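The structure appears below as structure tokens.
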Amino acid sequence: MVTWLLPFLCALGTGVLSGWGVGGGTLLLVCMTLFLGVDHRTAQAINLLFFLPTAAISLFFHRKNGLLEKDTWKQAAIPGAIASLAGALLATAVDVSLLRKPFGLFLLYSGASMLLSARKKT
């Protein structure tokens, strides 16, 4: 089998699901750690690199279409940047094995929340 095929299929699948509104970044993390054997921290870094360009493009088009609330954006930008930096520093200081269980619990909670909210809507 070609060595690039499995990573390509994982990226393609998570990209398509992300386009449908499913958390593509979370799925990308799961694919990289479970199927590709990537270290959790490395997978998080790759996920951020995957996310940043799409977030920048989304921000551009949301601004262009007048969908940004400037007061909210101004209030959230600095605390969000500080919290992101603190989380990144904390993630590099903590042992990877300690991150796996809370991340797994987060995935279970997120999945259950999505399923329950979908049932309430129907």
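The values are calculated or read from the model by the stated rules, or taken from the named source; none is laboratory data. Just so it is clear, the structure is predicted and the values come from calculations on it, not from any experiment. Neighbour counts are summed over all protein chains in view; Cβ atoms, including those assigned to glycine, are modelled from backbone coordinates with ideal geometry.
Descriptive notes on the structure:
- The condition of being within 30 Å of Val2 (Cβ to Cβ) and not basic (Lys, Arg) holds for Gly25.
- Listed by first and then second residue, the pairs with beta-carbon distance under 6 Å, at least 6 apart or on different chains, first residue in the stretch 20-36 and over 18 Å from Met114 (Cβ atoms), second aliphatic (A, V, I, L, M), are Met32/Val38; Met32/Ala43; Thr33/Ala43.
- Looking across Leu48, Leu52, one residue alone is in a helix (DSSP H, G or I), exposed (fewer than 12 other Cβ atoms within 10 Å of the Cβ) and modelled with pLDDT under 85. It is Leu52.
Residues are listed down the side, and each one gets a yes or a no for (1) exposed (fewer than 11 other Cβ atoms within 10 Å of the Cβ); (2) out of contact with any Ser or Thr (no Cβ under 7 Å at 6 or more places or on another chain); (3) among the β-branched types (Val, Ile, Thr):
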position: Val2; (1), (2), (3): yes, yes, yes
position: Leu5; (1), (2), (3): yes, yes, no
position: Leu27; (1), (2), (3): no, no, no
position: Asp95; (1), (2), (3): yes, yes, no
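- Positions within the stretch 1-26 being assigned to a loop (DSSP other than H, G, I, E, B) and of a type outside the set (A, V, I, L, M, F, W, C), in sequence order: Thr3, Gly21, Gly23
- For beta carbons closer than 8 Å, sequence separation of 6+ or different chains, a first residue in the stretch 70-93 that is surrounded by 10 or more Cβ atoms within 10 Å (Cβ to Cβ) and a second that is polar (S, T, N, Q), the qualifying pairs are Ala91/Gln44.
- Only one of the numbered conditions (1) surrounded by 11 or more Cβ atoms within 10 Å (Cβ to Cβ); (2) part of a loop (DSSP other than H, G, I, E, B); (3) not β-branched (Val, Ile, Thr) is not met by Arg63, and that is (2).
- Which numbered condition Ala45 misses (of (1) within 20 Å of Trp4 (Cα to Cα); (2) of a type outside the set (D, E, K, R); (3) more than 15 Å from the chain's Cα centre (by Cα)): (3)
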